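The values are calculated or read from the model by the stated rules, or taken from the named source; none is laboratory data. In this text the structure is predicted, and so the values were computed from the model without any measurement. No Cβ is skipped: glycine too gets one built from the backbone with ideal geometry, and neighbour counts run over all protein chains shown.
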Amino acid sequence: MKLEAHNLNAFYGRAQILFDVGLKADTGEVVALIGRNGAGKSTTFKSLVGLVTARTGQLVFNGTDISGLPVHDIVRLGLGYVPEDRRIFTDLTVEENLDVGTQPARAGAPSWTKERLFELFPNLAGMRNRGAGRMSGGEQQMLTIARSLMGNPSLIMLDEPSEGLAPKIVEDMANAILTMKDQGLAVLISEQNLHFAKMISDRAYIIEKGRICFDGTMAELSNNDEVRNTYLAV
Amino acid sequence: MSFLFIQFLNGLASASSLFLVASGLSIIFGVSRIVNFAHGSFYMLGAYMAFTLVHKLSGGTIFGFWGGVVLAAAAVAVVGALVEMILLRRIYQAPELLQLLATFGLVLIVQDLVLTIWGPEDLLGPRAPGLRGAIDIFGQSFPQYDFVLIILGPVVLGLLWLLFHRTRWGTLIRAATQDREMVAALGVNQSWLFTSVFTLGAFLAGLGGAVQLPREAVNHVMDLQIITEAFVIVVIGGLGSVLGAFLAAVIIGELNAFGILIFPQLTLVLTFLVMAVILVVRPWGLLGKPEGVVRGGAGAERPIKPLSPTGRNATVALLVALLALPMISGNYGLSVASEVLIYTLFAASLHFMMGTGGMVSFGHAAYFGLGSYGAALTVKYFGVPMLAALVAGPAVAGIAALVFGWFCVRLSGVYLAMLTLAFAQIAYAVVFQWSSFTGGDNGLIGIWPAPWAASPTAFYYLSLLLCGGGIVAVRRITFAPFGYTLRACRDSALRADSIGIDLARHRWYGFTLAGFFAGIAGSLYAFLKGSVFPDTISIATSVDALVMVLLGGVQTLAGPIVGAATYKILHVSISSYTDQWRTALGVIIIVLVVAFPMGIVGFIQNRLLRSGRVEDAA
Ligand SMILES: Nc1ncnc2c1ncn2[C@@H]1O[C@H](COP(=O)(O)OP(=O)(O)OP(=O)(O)O)[C@@H](O)[C@H]1O
Ligand SMILES: [Mg+2]
């Protein structure tokens, strides 16, 4: 298993947000973490990558216990993280944004160059030297993913990658994610949108009020009306 | 005409050194969000080290001189790196102001260090070999060395630009200036980044000090002089902007060069006036950006609560003890106690502005000092009795706060703090330089209390009455509707604005009230000491107040009381044991900041909360 979390509890101050969350993701699969607003998706990702430090539980990435490591060490082990609010460096150019993410190639993970990323996200290719502040939301979403890929991760976590994108771009995004999977990445995405998750995911977890309440394949989820209606009804 | 041109060149030459210091300060702030008060100390260390190294190496050779200058800057860089690794790294998670406080602790330590190693006398450095002569420009002579300085500034600017735009390190620094947490989330080790930035900043400051060697005498008060100027430049240029720092350094350099022709007495005032005007027009400086939400800062603040029963009992017990003090204490003890009371009110007024109003002041001494002078001057010139002077002093302070506050409340955060410092320095400069009216450096003496309050016991009770009353009044205001509105403005400017609260007006009133209460403390202080000196308005006094508030903890009402008492008592007791009181105080401040990042009272509250014994003790 690439990534395994058991009994993950996370806190903001004195408020507990995650309760015994457990999840796994392996190479060559796309796993979706699905939940409503405020369910705890982002908190789960942040706890895994070490941005939320007030956490307990066993977190094993690539056979290494990462629960006590600082963020940059976890990322350097090959766990890529793409935040939902993108957090592009708007004072830098597109290419410079990619430079910040650059890490040495890693055994057991696909290795990326700027050229390969411009193939994956053709929209970016024409704006290498453009200030990243002057990009559309969809372009920024691609840039933030490309930036993390420059670190040559073996697993990438994408927090709501389809949020706020036009239908055409959503499709491009789905294809890009499937390409990453084919390259041998483990992909963990979070979504509110079952439709998008269905397009690309092999397995799914549903999170509600900080607890995992469904764990199965995407097909099982599609066939389980009860779960869908209870947790995902709009 | 040619004279004006020479003056212009003079301005450029001094701008270079200012730029070196200010750019370092700006870069450090950009990445680490630390306002490094010790940056002036790095500058001073650079000058002293260059003095020693140039003497050791030189023998009058060009290589010896410049080698000494560069080595001095490198030595300061090493000091900077050590400071970052040993001290700052422990406090990045602490509130910004405590970081400021810790760097101020360093200022104190370096001051003593310099006095111990190099002594109190001004030191004259050698002229630069090969550049001792002057060049003839339109019939006026201009030192060769100053030409080198004029070139040095733009050269360093260019090198910095290359460093920031042509190296990976520079890209990382620019990214971290915007969102350092995201940089970490891309696998970059921040501590290494922070150490390198701090080292570079210290190097620049050290270099700025070292190249001054042939131009001016090295002395042990250079640190606070330059830090004020560097703050002004960084704020005018825009925090984090190197080019902005350069432009601002040229503006200030020229302003000094020409200001001295027009108002020789008031160059300082001129500088700060320009800064005030620029900040009102461009609240984020010439090339700065609006301060966004700083990522990865400290968590939410605990709300201030009214006194709990435990707190009330403690207050009553304290009051009884204070009332009984004259029975057990001698005269000296009573006058120390009066001083502690005065400082407590002073701290409480600043706390009101910071904690309740959310406006941090680096220049609160202005109102304390103007209160003192207001009282002293009315006694001196109108011969009014003490009680009238005790009204006049706070009135003067309140009016000053009303005027200065009108400008300040338009800004926020570090910019607001800098503007308060600017106004305090203007007040200081006026008092210092208008010696026919204020006595200047000699101060005003013979400001004794009325006969009925002359005994230490009587004066102590008077202080207790006025300061205790003042503190109660401040608390009352905090929990009155006005106080709640003020806190709403502090917590969410946007929301307060949208429900129709006039933000600026409330903050303005809050600012004025804080100045008024500081003025009460200042007036009493004049009578306690029997004299007033410009020191009461100096940066050192402003910092005293900040230290007291921060030591106690900003988010607790008991904080300033505990902080002021702790600080004053430490001060008095340390100075009676050792000459090196600055070092001792500096070390204590640093230890306290590292040990209690929430302030003393905040720490105790957290302890109590965690053990679940008391709901809220303060
Ligand atoms: N910094 C914070 N401090 C305190 N509570 C927070 C913080 N961030 C999130 N929360 C709370 O934690 C809970 C989970 O938030 P989280 O951001 O993980 O949800 P989410 O599933 O990502 O939601 P969304 O779909 O809106 O992004 C929410 O109740 C939220 O209010
Ligand atoms: Mg989220």
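The figures follow:
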read-out	value
Those residues of the stretch B:570-582 which are surrounded by 14 or more Cβ atoms within 10 Å (Cβ to Cβ) and part of a helix (DSSP H, G or I), in sequence order	B:Leu570, B:His571, B:Val572, B:Ile574, B:Ser575, B:Trp581, B:Arg582
In the stretch A:131-166, the residues that are more than 14 Å from chain B (Cβ to nearest Cβ) and within 16 Å of ligand 1 (Cβ to nearest atom)	A:Gly137, A:Gln141, A:Glu160, A:Pro161, A:Ser162, A:Glu163, A:Gly164, A:Leu165
Verdict on A:Asp99 being within 16 Å of ligand 2 (Cβ to nearest atom) and out of contact with any Asp or Glu (no Cβ under 6 Å at 6 or more places or on another chain)	no
Failed condition for A:Leu178, given (1) more than 16 Å from ligand 2 (Cβ to nearest atom); (2) buried (at least 19 other Cβ atoms within 10 Å of the Cβ)	(2)
Cβ pairs under 9 Å, 6+ apart, first in the stretch B:127-144 and surrounded by fewer than 14 Cβ atoms within 10 Å (Cβ to Cβ), second in a loop (DSSP other than H, G, I, E, B)	B:Arg132/B:Pro214; B:Phe138/B:Met1; B:Ser141/B:Gly133
Qualifying residue in the stretch A:184-201 (condition: modelled with pLDDT of 95 or more, within 16 Å of ligand 2 (Cβ to nearest atom) and not β-branched (Val, Ile, Thr))	yes
Members of the stretch B:165-193 found to be in contact (Cβ under 8 Å) with a residue 24 or more places away in the chain and either within 18 Å of A:Ile88 (Cβ to Cβ) or crowded, with 22+ Cβ neighbours inside 10 Å (or both), listed by number	B:Ile173, B:Ala176, B:Thr177, B:Asp179, B:Arg180, B:Glu181, B:Met182
Unique residue being away from every other protein chain (no Cβ under 11 Å), part of a helix (DSSP H, G or I), acidic (Asp, Glu) and over 29 Å from A:Gly35 (Cβ atoms) when the list is A:Glu115, A:Glu95, A:Glu171	A:Glu115
Filter result for B:Ser361 (touching a helix residue (DSSP H, G or I) at 6+ places or on another chain (Cβ under 6 Å) and either assigned to a helix (DSSP H, G or I) or basic (Lys, Arg) (or both))	no
Check on B:Leu172, hydrophobic (A, V, I, L, M, F, W, C), within 11 Å of another protein chain (Cβ to nearest Cβ) and either in a helix (DSSP H, G or I) or closer than 25 Å to A:Met157 by Cα (or both)	yes
Number of positions in the stretch A:1-53 that are away from chain B (no Cβ under 14 Å), within 15 Å of the chain's Cα centre (by Cα) and within 10 Å of ligand 1 (Cβ to nearest atom)	7
Residue check, A:Thr64 surrounded by fewer than 24 Cβ atoms within 10 Å (Cβ to Cβ) and within 13 Å of ligand 2 (Cβ to nearest atom)	no
Residue under evaluation A:Arg87, criteria (1) more than 16 Å from ligand 2 (Cβ to nearest atom); (2) part of a loop (DSSP other than H, G, I, E, B), criterion not met	(1)
Residue within the stretch A:67-75 that is out of contact with any Gly (no Cβ under 7 Å at 6 or more places or on another chain), within 16 Å of ligand 1 (Cβ to nearest atom) and either modelled with pLDDT of 95 or more or of a type outside the set (Phe, Trp, Tyr) (or both) present	no
Candidates B:Phe527, B:Phe603 - the one that is assigned to a helix (DSSP H, G or I), aromatic (Phe, Trp, Tyr), at pLDDT 80 or above and assigned by TED's automatic domain parsing to the domain that holds B:Cys467	B:Phe527
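For (1) acidic (Asp, Glu); (2) within 29 Å of B:Leu486 (Cα to Cα); (3) modelled with pLDDT under 95; (4) buried (at least 24 other Cβ atoms within 10 Å of the Cβ), each residue gets a yes or a no:
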residue: B:Ala365; (1), (2), (3), (4): no, yes, no, yes
residue: B:Arg410; (1), (2), (3), (4): no, yes, yes, no
residue: B:Leu419; (1), (2), (3), (4): no, yes, yes, yes
residue: B:Phe432; (1), (2), (3), (4): no, no, yes, no
